[in-house]
Amino acid sequence: MHALAAPDSSVRALTRGRPHSVRRSRVHPSVVRVLQLAGFETHRARFLPVSETVDLESLAQFFGCKEAELRSRMQLPIEVQGSLPNTFISHFGSPVRRFMREPALRRVSPASLRVSPHHRATSTLRPLRYCPESGELLTSDCPNPGCGKPLGWNYAQGVPFCEYCLDDDCCPTTDLRDLELPRLVGDELALYRSVTGLLAGHPDAMRALPPSFASWHGWEVFDMIAMLGNNLCRRFPDRSKLRGSACFAGPEWHQNLMSAARVVMSWPDGAGDLVKLLKDAAGTRSGYYGRYKELGPLADFGDSYGALPKVKAAIVRASSSMQNRQGGPQEGSVRGDLIYRWNARS
């Protein structure tokens, strides 16, 4: 069975196993060398998924898999209407923002590896801190106190092992499957699985969406959730300048992502909850009044994040809905300011 046999395995899992064409010969611990033997010249294994020049037919033949299996896992640029070129890449055919891709670290769930020792594609996405399969926190560091090095892709000892902890015969000695890490449970795990399921357009995840998103693709809703999580992350002044993937590294990122998911899953009423979260942090921001003081990053997230037109339109509709329920925008109020701001931008 080749490394891509599991339907959710990443293309980089291909480089962690034994090549089909050399399975009876010496196996190179250097993934880069193996890729060179396969005809792909590179200095880092992480460049494989984003290469637009790799010969997939030759690579598939070398590793004993189908070309279509390789092609579906490549993370190449994909055009999305309303976004700048090269903003999005493909994740199993669904667009995700380029900065969401984790290029270097091998992030794994020990519990999931105990079920099947393949690398899950969802673990290559930085916004996802937990494995949706096991609910377990992902790790990218060797648990051996004498090592502790980051897990990477350039040396192959198999997905479940640290490539640096080796005995005298160069066999791995640290099995990541022996590690136990915190897990999501109950409602939080259910919500998290709904969020990750949106990327693949999973029927259960799509059915859980409010009617407001009936015509949306799942990846569009996921992008909105990640964007609102980014705004919640930056609502405090010490994080206001964080851009791109920097928010994902913060200790509160998962909490912000889940808060954004709850907002979206109760849309359009959730827009009021979003504004409340931003207003609660207003006292930490400089100034005495104004849009930024009241709304923080929400005041300009269309510019700083690059919100999709669909997302902007959803904000406008939610704002109008709040306006109607309140009998019109109230001058000087946070919600009224939000309404004026977004109606003006539309």
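Would you point out the residue of the stretch 112-142, among those that are aliphatic (A, V, I, L, M) and within 20 Å of M258 (Cβ to Cβ), that is surrounded by the fewest Cβ atoms within 10 Å (Cβ to Cβ)?
Within the stretch 112-142, the match that is surrounded by the fewest Cβ atoms within 10 Å (Cβ to Cβ) is L137.
Scanning the stretch 35-72 for residues that are among the β-branched types (V, I, T) and out of contact with any Phe, Trp or Tyr (no Cβ under 9 Å at 6 or more places or on another chain) returns T42, V50. Note on the stretch 85-96: residues that are over 17 Å from S245 (Cβ atoms), modelled with pLDDT of 90 or more and not small (G, A, S) total 1. Of the residues screened, R193 is not one that is surrounded by fewer than 17 Cβ atoms within 10 Å (Cβ to Cβ) and of a type outside the set (S, T, Y).
With respect to P95, determine if the residue is over 14 Å from the mean Cα position of the chain (by Cα) and not small (G, A, S). No; evaluated as a whole, the condition is false for this residue. Inspect all residues belonging to the stretch 291-307 and state whether any of them is among the hydrophobic types (A, V, I, L, M, F, W, C), surrounded by 15 or more Cβ atoms within 10 Å (Cβ to Cβ), at pLDDT below 80 and in contact with a Pro (Cβ under 9 Å, 6 or more places away or on another chain). There is no residue in the stretch 291-307 that is among the hydrophobic types (A, V, I, L, M, F, W, C), surrounded by 15 or more Cβ atoms within 10 Å (Cβ to Cβ), at pLDDT below 80 and in contact with a Pro (Cβ under 9 Å, 6 or more places away or on another chain). When the stretch 202-221 is examined, which residues are found to be in contact with a Ser or Thr (Cβ under 8 Å, 6 or more places away or on another chain), touching a residue at least 60 places away in the same chain (Cβ under 8 Å) and of a type in the set (A, V, I, L, M, F, W, C)? Hit for the stretch 202-221 is W219, nothing else. Inside the stretch 41-59, residues that are out of contact with any Ser or Thr (no Cβ under 8 Å at 6 or more places or on another chain) and without any contact (Cβ under 8 Å) to a residue 60 or more places away in the chain make up a count of 12.
Working only within the stretch 161-173, note down all residues that are surrounded by fewer than 20 Cβ atoms within 10 Å (Cβ to Cβ) and either closer than 16 Å to A111 by Cβ or not acidic (D, E) (or both).
Once the filter is applied, which keeps residues that are surrounded by fewer than 20 Cβ atoms within 10 Å (Cβ to Cβ) and either closer than 16 Å to A111 by Cβ or not acidic (D, E) (or both), the stretch 161-173 yields Y164, C165, L166, C170, C171, P172, T173.
Just to be sure before I move on: is G146 part of a loop (DSSP other than H, G, I, E, B) and within 27 Å of H43 (Cα to Cα) in the structure I sent? I'd like the intermediate steps shown before the answer.
Numbers: part of a loop (DSSP other than H, G, I, E, B): yes; within 27 Å of H43 (Cα to Cα): no.
So G146 does not fit the description; no.
The set of residues in the stretch 79-117 that are touching an Asp or Glu at 6+ places or on another chain (Cβ under 8 Å), closer than 30 Å to R177 by Cβ and not aliphatic (A, V, I, L, M) comprises S109, P110, S112. Looking at the structure I just gave you, is R235 at pLDDT 90 or above, of a type in the set (D, E, K, R) and outside any helix (DSSP H, G or I)? Here the answer is yes, as R235 does meet what is asked. Scanning the stretch 270-311 for residues that are on the phi > 0 side of the Ramachandran plot and under 28 Å from the mean Cα position of the chain (by Cα) turns up G296, G306. Mind checking whether some residue in the stretch 215-230 is in contact with a Gly (Cβ under 8 Å, 6 or more places away or on another chain), part of a helix (DSSP H, G or I) and among the acidic types (D, E)? No, the stretch 215-230 has no match at all.
The values are calculated or read from the model by the stated rules, or taken from the named source; none is laboratory data. Keep in mind it's a predicted model, so treat the numbers as computed, not measured. Using ideal geometry, Cβ is built from the backbone for each residue, glycine included, and neighbour counts are taken over all protein chains shown.
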